Amino acid sequence: MMHSTPPNSPFSARALARALPLILLLAGAAHAQAPASPSNAQPASAPAAATDKPFPEQTHQHIVVEDTATRIDEVRIGSETKSIDVQPKNGMPAYQVEPKTGERTWKVLGF
């Protein structure tokens, strides 16, 4: 036994065909205005400048410490030491200190 709907019923095929574009349009608009997921959302307290650059600008420091026996030049970027150069004043050759390991290296054939 088949049930048919009356022609002027709000659920008829003709009424549904007329309403379908409007339903799809409203569904698309609702989806476009849906709030972002928490993993993609930026915190409301983030300053506007932080969104312009992906990484904060780090400070570049050149620190020189000198006494009567040596001169030490240190380069830091942010809080990380990048290089340490030591120049003894007593005629000994200059050397570099590896910041992470403390290993000293000398240039044998410096031109």
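The values are calculated or read from the model by the stated rules, or taken from the named source; none is laboratory data. Given the structure is predicted, the values throughout are model-derived calculations rather than measurements. Virtual Cβ from ideal backbone geometry, glycine too; neighbours counted across all protein chains shown.
The residues in the range 54-80 that are over 19 Å from the mean Cα position of the chain (by Cα), assigned to a loop (DSSP other than H, G, I, E, B) and more than 20 Å from Trp106 (Cα to Cα) can be counted, and the count is 2. Taken over the range 81-90, the criterion of being farther than 17 Å from Lys107 by Cβ, assigned to a strand (DSSP E or B) and out of contact with any Pro (no Cβ under 8 Å at 6 or more places or on another chain) is satisfied by no residue. Would a scan of the range 10-24 turn up a residue that is polar (S, T, N, Q), modelled with pLDDT of 60 or more and not in a loop (DSSP other than H, G, I, E, B)? No, the range 10-24 has no match at all.
Close Cβ contacts (under 8 Å, 6 or more residues apart or on different chains) running from residues in the range 91-111 that are in a loop (DSSP other than H, G, I, E, B) to residues that are small (Gly, Ala, Ser) and modelled with pLDDT of 90 or more comprise Pro99/Ser83; Lys107/Ala94.
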